[in-house]
Amino acid sequence: MKCLICKADSMVNDRSTYFAQLPNCYVIIENVPCRKCTQCGEVVYPTSVMEKIDELLKKVEAIASKILIMDYDQAA
Ligand SMILES: [Zn+2]
């Protein structure tokens, strides 16, 4: 897989922290599986992970306080 930003063939499996801003709160999800470019640091989330995050954010919107921090492995 090639990096969309720097075109280097240097995407590796990694974990990243996903940050989202909802209308009523901030959500931070730690340890999200991703592909990361070792060249420029660009992070790409696989479609399956994005779908899971979408689901989580919908749930979170209903129960959210101001800031919510969760772990991907525990929440997904
Ligand atoms: Zn890159």
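Estimate the FRET efficiency between Cys6 and Lys66 by the formula 1/(1 + (r/R0)^6), using the beta-carbon distance for r and 25 Å for R0, to the nearest 0.05.
Working from the Cβ atoms, E equals 0.10.
Which of Val27, Ile5, Thr17 sits closest to the plus end of the dipole of the chain, meaning its Cα is farthest towards the positive end, when Lys and Arg get +1 and Asp and Glu get -1 on the C-beta?
Ile5
What base-10 log of the normalised intensity I(q)/I(0) is obtained for the chain from the Debye formula, alpha carbons as equal point scatterers, at q = 0.12, 0.13, 0.19, 0.22 Å⁻¹?
Here the Debye-derived log intensity ratios amount to -0.37, -0.43, -0.77, -0.93.
Would any residue of the range 36-60 have its amide N under 17 Å from a label point 7 Å out along Cα→Cβ of Cys25? List them or say none.
53-60
Find out how many positive minus negative residues lie around Lys2, taking Lys and Arg as positive, Asp and Glu as negative, among other residues whose Cβ is under 15 Å from that of Lys2.
The answer is +1.
About the Cα centre of the range 11-75, what is the dipole size in debye to 20, counting +1 per Lys and Arg Cβ and -1 per Asp and Glu Cβ, all else neutral?
Dipole about the Cα centre, nearest 20: 80 debye.
For the chain, take the longest principal axis of its alpha carbons; what is the angle in degrees between that and the long axis of helix 47-63, to the nearest 10 within 0 to 90?
Helix 47-63 and the main axis of the chain meet at about 20 degrees.
State the cysteines of the chain left without a partner when partners are defined as other cysteines whose beta carbon lies under 4.7 Å away.
Cys25, Cys34
Here, each number is a calculation from the coordinates, and none is a lab measurement. Keep in mind it's a predicted model, so treat the numbers as computed, not measured. Ideal geometry is used to build each Cβ from the backbone, glycine not excepted, and the neighbour counts take in all protein chains shown.
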